[in-house]
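Engineer: If you scroll down you'll find the structure; I have some questions about it.
Bear in mind that the values in this text are calculations on the coordinates, not laboratory data. Note that the structure is predicted; figures quoted are calculated from it, not measured. Cβ coordinates were reconstructed from backbone atoms using ideal geometry, including for glycine residues, and neighbour counts include every protein chain displayed.
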Amino acid sequence: MTSRRKFMAMSAAAVAGTLLAGGSASADDELEFPYNVAFTKKHQGHWEGKAGSHVPEIEVTDTEIIITTPHPMSESHYIVRHTLVDSKGNPIGAHTFAPTDKYAVSRYPRPSKGKKFYATSFCNLHDLWVEKFKI
Ligand SMILES: [Fe+2]
């Protein structure tokens with residue numbers, strides 16, 4: 001792993017961990033953090049219009065949680081990392097991608113505990129995106 005990729009992967013995990021572990025829910029149950037730190041469908045900040053290819057998509061089966069980011073993968077522009085965190089900030093899993101990976105898809109065993117989770121997807125050009133979901 002190059003130092004730049006390592007830095008980005010570590011940054012995404014650190015931001016996600018800080019936001020999710022220390023964050024709190026507001027009245028409308030949205031994450032609270034400054035705009036342009038992490039992005040959601042609702043809060044796209046300075047990346048307005050990029051949600052469609054950056055917000056992680058979630059599929060839950062009887063045994064797995066599958067995270068997919070519908071984003072092109074190339075040497076110059078790709079998804080660096082996915083993380084899965086529960087509502088208390090506990091990491092469930094993470095996957096670091098290479099720019100040569102064909103798709104940004106990661107799979108995790110379905111947790112036996114917890115109902116609310118957060119998936120993150122970090123793009124090397126368009127920063128950190130978060131999707132909250134319940135199972
Ligand atoms: Fe991107």
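Engineer: So how much slack lies between Y103 and K115, counting 0.36 nm per residue of separation and subtracting their Cα-Cα distance, in nm?
Structural biologist: On the way: separation 12, 0.36 × 12 = 4.32 nm, distance 2.69 nm.
Gain on extension, Y103 to K115, equals 1.6 nm.
Engineer: Expressed in nm to one decimal, what extension gain is obtained for the pair K42 and K88 from 0.36 nm per residue of sequence separation less their Cα-Cα distance?
Structural biologist: Values: separation 46, 0.36 × 46 = 16.56 nm, distance 2.20 nm.
Value of the extension gain: 14.4 nm.
Engineer: Separate question: Which of I92, I65, I79, I135 has the fewest other C-beta atoms within 10 Å, and how do the rest follow up to the most? Let's see the in-between values first.
Structural biologist: Numbers: I92 18, I65 21, I79 29, I135 11.
Sorted ascending by nearby Cβ count, the order is I135, I92, I65, I79.
Engineer: Under 8 Å for C-alpha pairs, at least 6 residues apart: give me the relative contact order for region 70-133, rounded to a whole percent. Please list the in-between numbers first.
Structural biologist: Working: 118 pairs, mean separation 23.6, N = 64.
Relative contact order comes out at 37 percent.
Engineer: Which lysines have a Cα less than 21 Å from the Cα of K102, not counting those fewer than 8 places away in the same chain?
Structural biologist: Excluding near neighbours in sequence, the set is K6, K50.
Engineer: For every other residue with a beta carbon closer than 12 angstrom to the beta carbon of E48, add +1 if it is Lys or Arg and -1 if Asp or Glu, then tell me the sum. Before the final figure, lay out each step's value.
Structural biologist: Working: positive: K41, K42, K50; negative: none.
Here the count lands on +3.
Engineer: Could I ask something else about it? Give me E64, E48 sorted ascending by neighbouring Cβ count inside 10 Å, so fewest comes first. Provide the component values of the computation, followed by the final result.
Structural biologist: On the way: E64 12, E48 9.
Starting with the residue having the fewest Cβ neighbours, the order is E48, E64.
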